[in-house]
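Written below as structure tokens is the structure these notes are about.
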2 protein chains.
Amino acid sequence: MERNQSSPLPPGSTIGIIGGGQLGRMLAMAAARLGYKTIVLDPAKDCPASQTSNHHIEAAYDDVEALKMLGKRSDVITYEFENIPANALYFLEENIGLKPDRLALEKSQDRLVEKDFLSQLKIATAPYHPVSSFDELANAVSLIDTPSILKTRRFGYDGKGQARLPLNPSEDELAAAWTSVGESESILESFFIFQREISVIVCRSATAQIVAYDPAENVHRGGILRTSEVPAAITASTANEATRIAISIVEALEYVGVMGVEFFVAPNGDLAVNEIAPRVHNSGHWTEAAGIVSQFEQHIRAVANLPLGDCARHSDCVMENLIGDDVDIIPSLLTQKGVRIHLYGKAETRPGRKMGHFTRLT
Amino acid sequence: MERNQSSPLPPGSTIGIIGGGQLGRMLAMAAARLGYKTIVLDPAKDCPASQTSNHHIEAAYDDVEALKMLGKRSDVITYEFENIPANALYFLEENIGLKPDRLALEKSQDRLVEKDFLSQLKIATAPYHPVSSFDELANAVSLIDTPSILKTRRFGYDGKGQARLPLNPSEDELAAAWTSVGESESILESFFIFQREISVIVCRSATAQIVAYDPAENVHRGGILRTSEVPAAITASTANEATRIAISIVEALEYVGVMGVEFFVAPNGDLAVNEIAPRVHNSGHWTEAAGIVSQFEQHIRAVANLPLGDCARHSDCVMENLIGDDVDIIPSLLTQKGVRIHLYGKAETRPGRKMGHFTRLT
């Protein structure tokens, strides 16, 4: 096995993927279409990605023997989620290499580090303050002086580990919020008054080629993405500015792979970055149905040292997640014109669980 | 396991696929997108479909124990190629069931049976005569009285088992042709003077719903499909007539699944059916890149008792096969706009071997 080459990974090579959920599944299918094999590390038997990849190592993410096996059997390793345990990350960096690399993970695993990083790049975010104790929370609330959101610094996703606070919260409200984040290191963010949310899916190659899809307009409900629509109802200058910011982030990190950058758009068009995700992103699933080259293929191209592809789309569209019982509408979707369905092979339907998505071409 | 139900196959069910080449591979990926699992029977270790399916039974197609295992682990069984050995076919029909069923296989496994079947439906084909001996060959040549093609009745594909004969061939030319088909049961076909070749990809469900894609215009070289383009350069009335014929064939067979019907188009627009393929078809690969619902998904929907999908395409396109050393152009294709690449995961490049295809959206 030879690694860290800048030459294109030959067809037939194996790409290791840490995490076997739907993102890993779609990465595996994109890799197959480019002639690559895949091996997935995930603790869950019959996880979504195991069903469409060549091999599955059924082990915990921090199982060093499993990571060694993954390294031995892969020509390059990537991941579908940013919350890789620290010891696994250290092991992989030291011994195998990882694309995207540690720098991007460090910046995105911790909300405070992420915000500080963005601030250093002079990229606007919602005003924020670090909070590491109940007293600091009370102080931060007075400094921010608007309705606000308390978020754990690490391992939050899909609205978990978050608590909203009104302007001038009571002692009880403060205490409840502090409890709901597990009294762990957090940040308090100003509640940004936005007109809409958008995201940019950007991809950078090892040779610094950068491509980006048109921004998607996203609607969240209960902290979970429900729909992404392209084009977003924003001006060309807002779209250009969002794209410029996303590009500046991957440039600053010398990032390799796909990144999702989420923005708030203020009523006056001003942008603030909400968060960055160093991986393929739910708001980019539409690219598989309406793009020439999907975000999954772009990511595989990047980690395989191939030239990046065409970000053009052949159709405007709306992608909608199928969450929990939403799967009940599948029989109806099957009969509708212009609809592409994509299910994830999850055996059990649970409330809040992403079971699949569909894209309506418009 | 319950079989032969007309109710929709629930997500998480397993579809057995006989044959693990690129067609099986693309069927497996389409099945996954609908939430199904797949198990592939193919004698070749690491065959293309094994790489994207849940399970692979590595055994000969006529291995009864393997077929039993396939039956036991599958909720429905389909296939990617029509030349299933007779004993396997009998075993499956008697014990497990197969979609599409025996009738379609019987009609398409033998060129003489196929032509007779089409003639009974009053569907035009090139004039033909059965040939089962050298003497019959000489007689058939005099009856057809044009340049002609001798084709084995069974197991011919991609131009194999065929020999061309000029008008008034010499004794030596006749002998060479008879040798080249292995002195086996054959048919002699008139060389149909065509302006172009087209095909219709049609799909029929268990509830007799029928959908068809717009005809593709095909170019063959050395008996192998090189390109398929949609729309074909034919009149609307020719397109309608080809579609009507394709539909009449699946209706006559009470067929369930995707069928490819190849036509010759005479300079005056007259149509003759060249051959029918009771499976997903190379000339329908474009549907994966430019269709809302691909031929692979339509076939899975049909065998899973789901409603058939939208045959509309979002883009016009040309699909081109990557055969043998054609893979050398992949680096260039990777940098071109509007091109979607699809490779099949075959380890070894050989002359005449289909390694992948690409579709240029236009």
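The values are calculated or read from the model by the stated rules, or taken from the named source; none is laboratory data. Since the model is a prediction, treat every value here as computed from it, not as a measurement. Don't worry about glycine lacking a Cβ; one is built from the backbone with ideal geometry, like all the others, and counts go over all protein chains shown. Surface areas here come from the heavy atoms of the whole protein model, side chains and all, with no ligands, DNA or RNA. Shrake-Rupley method; radii C 1.70, N 1.55, O 1.52, S 1.80 Å.
Would you mind working out the magnitude of the charge dipole of the range B:1-62 relative to its Cα centre, with +1 at each Lys and Arg C-beta and -1 at each Asp and Glu C-beta, to the nearest 20 Debye? The partial results should precede the final answer.
Working: 5 positive and 5 negative charges, 48 e Å.
I would put it at about 240 debye.
Please work out, to two decimal places, the log10 of the ratio I(q)/I(0) at q = 0.08, 0.09, 0.17, 0.19 Å⁻¹ from a Debye calculation in which every Cα of the range B:1-160 carries one identical scatterer.
For the requested q values the scattering log ratios are -0.31, -0.39, -0.98, -1.13.
Taking the label point as lying 7 angstrom from Cα along the Cα-to-Cβ axis, what are the distances from A:Gly324 to the corresponding position in the remaining copies, in ascending order and in nanometres?
So the distances to the same position in the other copies read 5.9 nm.
With no solvent and one point on each alpha carbon, what is the Debye value of log10 I(q)/I(0) for the range A:81-211 at q = 0.12, 0.16, 0.18, 0.22 Å⁻¹?
The Debye formula, applied to the Cα set alone, gives -0.56, -0.90, -1.05, -1.34.
So what is the relative contact order of chain B, in percent, for Cα pairs below 8 Å that sit 6 or more residues apart? Kindly include the intermediate steps, with their values, before the conclusion.
Values: 806 pairs, mean separation 52.5, N = 362.
Normalised by residue count, the contact order of chain B is 14 percent.
Label-point separation (nm) for B:Thr235 and B:Ala44, each offset 7 Å from Cα along Cα-to-Cβ?
With each label placed 7 Å out from Cα toward Cβ, I get 4.4 nm.
If you fit an axis through the alpha-carbon atoms of helix A:86-95 and take the longest principal axis of the Cα set of chain A, what angle between them do you get, 0 to 90°, nearest 10?
It is inclined by approximately 40 degrees.
Lysines near A:Lys354 by alpha-carbon distance under 17 Å, same-chain residues fewer than 8 away left out - which ones?
A:Lys160, A:Lys346
Taking only Cα atoms of the range B:127-284, what ratio of Rg to Rh do you get with Rh as the Kirkwood inverse-distance radius?
1.01
Can you tally the net charge around A:Asp310? Count Lys and Arg as +1, Asp and Glu as -1, for every other residue whose Cβ sits under 13 Å from the Cβ of A:Asp310. Don't skip to the answer; put the middle values down first.
Numbers: positive: A:Arg301, A:Arg313, B:Lys337, B:Arg340, B:Arg360; negative: A:Asp214, A:Glu297.
Result for the neighbourhood of A:Asp310: +3.
Out of the total accessible area of the range B:200-266 (probe 1.4 Å, heavy atoms of protein only), what percent is carbon and sulfur?
Details: 1210 of 2420 Å².
The nonpolar share, carbon plus sulfur, comes to 50 percent.
Computed over the Cα atoms of the range B:45-87, what is the ratio Rg over Rh, Rh following Kirkwood?
On the way: Rg = 10.6 Å, Rh = 11.5 Å.
That ratio equals 0.93.
In Å and from the alpha-carbon atoms only, list the Rg and Dmax of the protein assembly as shown.
Values for the protein assembly as shown (Cα only, Rg and Dmax): 28.5, 105 Å.
With runs of 4+ DSSP H residues as the only contributors, calculate the mean residue ellipticity of chain B at 222 nm using -39,500 (n - 2.57) per run, divided by the residue total and rounded to the nearest 500. Walk me through the numbers on the way to the answer.
On the way: 11 runs with 107 residues, N = 362.
It lands at -8500 deg cm²/dmol.
Would you tell me the mean number of C-beta atoms belonging to other protein chains that fall within 10 Å of each C-beta in B:334-341, as a whole number? Don't skip to the end; give the middle numbers.
Numbers: counts 9, 6, 4, 6, 6, 4, 9, 7.
Whole-number average of other-chain Cβ neighbours for B:334-341 is 6.
A:Arg244 to B:Ala60: FRET efficiency via 1/(1 + (r/R0)^6), r the Cβ-Cβ distance, R0 56 Å, to the nearest 0.05? Don't jump to the answer; show the numbers that get you there.
Working: r = 59 Å, r/R0 = 1.06.
So, using R0 = 56 Å, E works out to roughly 0.40.
Spin-label point model (7 Å from Cα, Cβ direction): what's the B:Ala176 to B:Gln195 distance in nm?
3.3 nm
When averaged across all projection directions, what area in nm² does the alpha-carbon convex hull of chain B cover? List each step's numbers first, then the result.
Values: hull surface 71.2 nm².
Answer in nm², one decimal: 17.8.
Which of A:Ala236, A:Asn282, A:Cys311 sits closest to the plus end of the dipole of the range A:212-320, meaning its Cα is farthest towards the positive end, when Lys and Arg get +1 and Asp and Glu get -1 on the C-beta?
Working it through, the farthest residue towards the positive pole turns out to be A:Asn282.
Based on Cβ point charges of +1 for Lys and Arg and -1 for Asp and Glu, what charge dipole magnitude is obtained for chain B about its Cα centre, in debye rounded to the nearest 20?
Around 1180 debye, computed over chain B.
Starting from the Cα of B:Lys115, draw a straight line to each of the lysines and keep only those under 16 Å, dropping any in the same chain fewer than 8 residues away.
Cα-Cα hits under 16 Å: B:Lys107, B:Lys151.
Starting from the Cα-Cα distance between A:Arg353 and A:Lys337, subtract it from 0.36 nm times their residue separation and give me the gain in nm to one decimal.
Values: separation 16, 0.36 × 16 = 5.76 nm, distance 2.61 nm.
The span from A:Arg353 to A:Lys337 would gain 3.2 nm if fully extended.
Beyond 22 Å, what share of the Cα-Cα pairs of the range A:198-295 is found? Please give it as a whole percent. Spell out each step's value before the answer.
On the way: 1072 of 4753 pairs.
Everything past 22 Å amounts to 23 percent.
Please quote Rg/Rh for the range A:244-362 to two decimal places, taking the Kirkwood radius as Rh and restricting both calculations to Cα atoms. Mind showing how you got there, number by number?
Values: Rg = 16.3 Å, Rh = 16.2 Å.
Result: Rg/Rh = 1.01.
Could you give the angle, 0 to 90 degrees to the nearest 10, between helix B:134-144's Cα long axis and the longest principal axis of the Cα atoms of chain B?
Orientation of helix B:134-144: about 80 degrees from the principal axis.
Within the accessible area of the range B:1-130, what % is carbon and sulfur when the probe is 1.4 Å and the other protein chains stay in place? Walk me through the numbers on the way to the answer.
Numbers: 2520 of 5020 Å².
On the range B:1-130, the fraction of accessible area on carbon and sulfur atoms equals 50 percent.
Considering every residue in B:36-44, what mean count of other chain Cβ atoms within 10 Å of its Cβ is obtained? Working shown, then result.
On the way: counts 3, 4, 2, 0, 0, 0, 0, 0, 0.
Mean shielding by partner chains, rounded to a whole number: 1.
So what's the gap between the Cα centers of the range B:306-339 and the range A:37-94, to the nearest angstrom?
31 Å
Helix B:171-180: angle to the longest alpha-carbon principal axis of chain B, degrees 0 to 90, nearest 10?
With rounding to tens, the tilt is 10 degrees.
Just the number please: accessible area per residue for chain B, 1.4 Å probe, all protein chains included, in Å². Mind showing how you got there, number by number?
Values: 14000 Å² over 362 residues.
That works out to 39 Å² for each residue.
Provide a whole-number value for the mean count of partner chain Cβ atoms within 10 Å of the Cβ atoms in peptide A:302-313. Working shown, then result.
Numbers: counts 0, 0, 0, 0, 5, 6, 2, 9, 8, 1, 3, 1.
If you average over the peptide's residues, the count of other-chain Cβ atoms is 3.
Take A:Arg221, project a point 7 Å from its Cα along the Cβ direction, then tell me which residues of the range A:294-327 have their backbone nitrogen under 20 Å from it.
Zone members listed by number: A:317-327.
Could you please report the charge total around B:Ala206, scoring K, R as +1 and D, E as -1 over all other residues with beta-carbon less than 12 angstrom from its beta-carbon? Please list the in-between numbers first.
Working: positive: B:Lys99, B:Arg204, B:Arg301; negative: B:Asp101, B:Glu254.
Neighbour charge sum, excluding B:Ala206 itself: +1.
Can you work out the Karplus-derived ³J(HN,Hα) for every residue in the range A:183-196? Use 6.51 cos²θ - 1.76 cosθ + 1.60 with θ = phi - 60°, whole Hz, and x for glycine or proline.
6, 9, 3, 9, 10, 9, 10, 4, 6, 6, 7, 10, 8, 7
With no solvent and one equal point scatterer per Cα, compute the Debye intensity ratio I(q)/I(0) for the range B:31-104 at 0.26 Å⁻¹ and report its log10, rounded to two decimals.
So the normalised log intensities are -1.40.
Would you work out the charge dipole size for the protein assembly as shown about its Cα centre, treating the Cβ of every Lys and Arg as +1 and the Cβ of every Asp and Glu as -1, and quote it to the nearest 20 debye?
On the way: 68 positive and 92 negative charges, 33 e Å.
For this selection, approximately 160 debye.
Find which of A:Val261, A:Asn83, A:Gly356 sits farthest along the positive direction of the dipole of the protein assembly as shown, computed with +1 on the beta-carbon of Lys and Arg, -1 on that of Asp and Glu, about the Cα centre.
Comparing the listed Cα positions along the dipole, A:Val261 ranks first.
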